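This report concerns only the one structure given below.
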Amino acid sequence: MNLKDLCIRDNIPIVRDNTLKLIKEIIIKNNYSSILEIGSAYGYSAVCFSEIDCVNKIVSIEKNIENFKIAKQYENKKINFINGDAFEVFLNEKFDFIFIDGPKSHQGTLFDKYRNLLNDGGTIFIDNIYLKKFDSRKHLTKNQKNLLTKVTNFRNWLSELKDFNVDIKDIDDGIAIVTKK
């Protein structure tokens, strides 16, 4: 069974096809060679990124030990999976591309923590900036409403950043492309 099918079978969220296509286009267009991913799950997106010729280094952080063990099986010469909490992991290297796909309620905290690891001319890509899965629900729980509020507030905060260019696109579940000015 291939990795994508395994993720689908186990109900593990993966980057959507249109979003993945856009990420690949950005990486190739800018000839990015290093990627930091926050939130590996089973490692599907990291494996997809490793197939891009210009990419030679991917560091992917996953907190869940069971997911990490599966992702570790797909590690290759380009990918290093780290088991740890993204809020506690300390890295002292910079990256061309940072993919934030971790806990949606803490996107702002993750952005603040990792933006200093972005190389000049680099891109931070944030997935699930709209959480459309809640759009069709008539009644949301208190936690779901709080999550939507946090994501909306983060999206608005991003739009106000002065030292970054922010492009929010309504693709799949919404994405933000953030580049240093």
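Given the options C54, F87, N76, identify the residue whose Cα lies farthest towards the positive end of the charge dipole of segment 1-107 (+1 on Cβ of Lys, Arg; -1 on Cβ of Asp, Glu).
Result: C54.
Using the beta-carbon distance between E75 and N165 and R0 = 25 Å, what value does 1/(1 + (r/R0)^6) give for FRET efficiency, to the nearest 0.05?
E between E75 and N165, to the nearest 0.05, is 0.15.
Using a Cα-Cα cut-off of under 17 Å, which aspartates and glutamates could be cross-linked to K162, ignoring same-chain neighbours fewer than 8 residues away?
Counting by Cα, and skipping residues close in sequence, K162 has these aspartates and glutamates nearby: D112, D120.
Place a +1 charge on the Cβ of each Lys and Arg in segment 1-78 and a -1 charge on the Cβ of each Asp and Glu, then give the dipole magnitude about the Cα centre in debye, rounded to the nearest 20.
On the way: 12 positive and 10 negative charges, 22 e Å.
Dipole about the Cα centre, nearest 20: 100 debye.
Enter the accessible area per residue of the chain (Å², integer; probe 1.4 Å; all protein chains in place).
53
Can you list residues from other chains, or at least 5 along the same chain, whose modelled amide H is less than 5 Å from the amide H of G122?
Here the answer is K180, since their amide H atoms fall under 5 Å of that of G122.
Step through the table entries K57/K132; K63/K145; K21/K69; K104/K181; K57/K142, compare each Cα-Cα distance with 29 Å, and write down the pairs that go over it.
K57/K132; K57/K142
Expressed as a rounded percentage, what relative contact order does the chain have, with Cα pairs under 8 Å and six or more residues apart?
Relative contact order of the chain: 18 percent.
In percent, how large is the relative contact order of segment 130-181, given Cα pairs closer than 8 Å and 6 or more residues apart?
35
Can you give the charge dipole size of the chain about its Cα centre, rounded to the nearest 20 debye, using +1 on the beta carbon of Lys and Arg and -1 on the beta carbon of Asp and Glu?
460
Regarding segment 1-125, what is the average projected area of its C-alpha convex hull, in nm²?
Dividing the Cα hull surface by four gives the mean projection, 7.3 nm².
How far is the Cα center of segment 50-65 from the Cα center of segment 72-151, in Å?
So the separation of the two Cα centres works out to 14 Å.
The values are calculated or read from the model by the stated rules, or taken from the named source; none is laboratory data. Predicted, not measured: the structure shown is a model, and the values here were computed from it. Note that each Cβ is placed from the backbone with ideal geometry, even for glycine, and that neighbours are counted across all protein chains shown. Please note that ligands, DNA and RNA were not included when accessible areas were found on the heavy atoms of the full protein model with its side chains. Shrake-Rupley method; radii C 1.70, N 1.55, O 1.52, S 1.80 Å.
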